[in-house]
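A short write-up of the structure that comes next.
The values are calculated or read from the model by the stated rules, or taken from the named source; none is laboratory data. Small disclaimer: the values here were computed from a predicted structure and weren't measured. Cβ: placed from backbone, ideal geometry, glycine included. Neighbour counts: every protein chain shown. Heavy atoms of the whole protein, side chains included, go into the accessibility calculation; ligands, DNA and RNA do not. Shrake-Rupley method; radii C 1.70, N 1.55, O 1.52, S 1.80 Å.
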Amino acid sequence: MLSETDINDLCIRSMTSGDLEAALALSTAAGWNQSLADWRRMFFLEPHGCLIAEQHGHVVGTTLCCTFDRVAWLAMVIVDQAFRCRGIGRRLVEAGLHYAEQQGVQTVRLDATRLGEAVYRQLKFEPQSEFIRMAGTVASDVVHEQIADFQISLADSAKLPTLLQQDFCARGLAVSDERQQLRIADGFLPHAP
């Protein structure tokens, strides 16, 4: 259990590539489905927006802030179960918001779980829509019937800028900076481990 002194010793710092395994352990323990490759992509997307809460050398929380022009997205706000309800999640979100402000962002969005909803509401976030994550299996004959009229091919680096632009438009985002588009596209390409 964290004492008041321990909370004061909590350090919010930039994530490094050496923290990715610890971040993966937190998301796995929380029952989330990210892989190490997912964490690498998120880290590569905006390394300076990736933050860690550290207690005596132990990673106890994470948050990521990715910017897309004047919109930022907060994600992966996770606090180790043993350290919850002590203000760490709030401090991580506030640090992410500070980063977004430094980037000149005008709007911040996030997906909230029920567990973090109270923190986000205290920080003046308001619900926009309900999100339900579902899982299941699909019989291969059903998939074949549904996609018989479409050609499916693997996306390669030449197709990614177009796919990302379509994705941004579908979500109401715009990425006008060509360097940022390339950085985002490269984050989705496979890299050596």
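Sub-9 Å Cβ pairs linking a first residue in segment 101-115 that is over 13 Å from Trp73 (Cβ atoms) to a second residue that is hydroxyl-bearing (Ser, Thr, Tyr) and modelled with pLDDT of 90 or more, at least 6 apart or interchain, are Gly104/Thr67, ordered by first then second residue. Checking each residue in segment 77-97 for being without any contact (Cβ under 8 Å) to a residue 40 or more places away in the chain, surrounded by fewer than 21 Cβ atoms within 10 Å (Cβ to Cβ) and either of a type outside the set (A, V, I, L, M) or part of a loop (DSSP other than H, G, I, E, B) (or both) picks out Arg84, Cys85, Arg90, Glu94. For segment 10-23, residues that are crowded, with 16+ Cβ neighbours inside 10 Å and in a loop (DSSP other than H, G, I, E, B) total 2. Counting only residues that are modelled with pLDDT under 75, open to solvent by 100 Å² or more (accessible area, probe 1.4 Å) and not in a loop (DSSP other than H, G, I, E, B), segment 141-174 holds 3 of them. When the test is whether a residue is of a type in the set (A, V, I, L, M, F, W, C), farther than 16 Å from Leu10 by Cβ and modelled with pLDDT of 95 or more, Cys50 passes it.
Here are some residues: Leu64, Leu74, Leu26, Leu51. Which one is part of a helix (DSSP H, G or I), without any contact (Cβ under 8 Å) to a residue 60 or more places away in the chain and open to solvent by less than 40 Å² (accessible area, probe 1.4 Å)? Sole residue among the options that is part of a helix (DSSP H, G or I), without any contact (Cβ under 8 Å) to a residue 60 or more places away in the chain and open to solvent by less than 40 Å² (accessible area, probe 1.4 Å): Leu26. Filtering segment 29-48 to residues that are open to solvent by less than 40 Å² (accessible area, probe 1.4 Å) and either over 28 Å from Met134 (Cβ atoms) or of a type in the set (Asp, Glu) (or both) leaves only Glu46. Checked against the criterion of being among the acidic types (Asp, Glu) and under 14 Å from the mean Cα position of the chain (by Cα), segment 34-49 contains one or more residues that satisfy it. Only residues that are more than 12 Å from the chain's Cα centre (by Cα) and at pLDDT 95 or above were counted across segment 59-80, and they come to 5.
Scanning segment 106-127 for residues that are at pLDDT below 85 and open to solvent by 100 Å² or more (accessible area, probe 1.4 Å) yields Arg114, Leu115.
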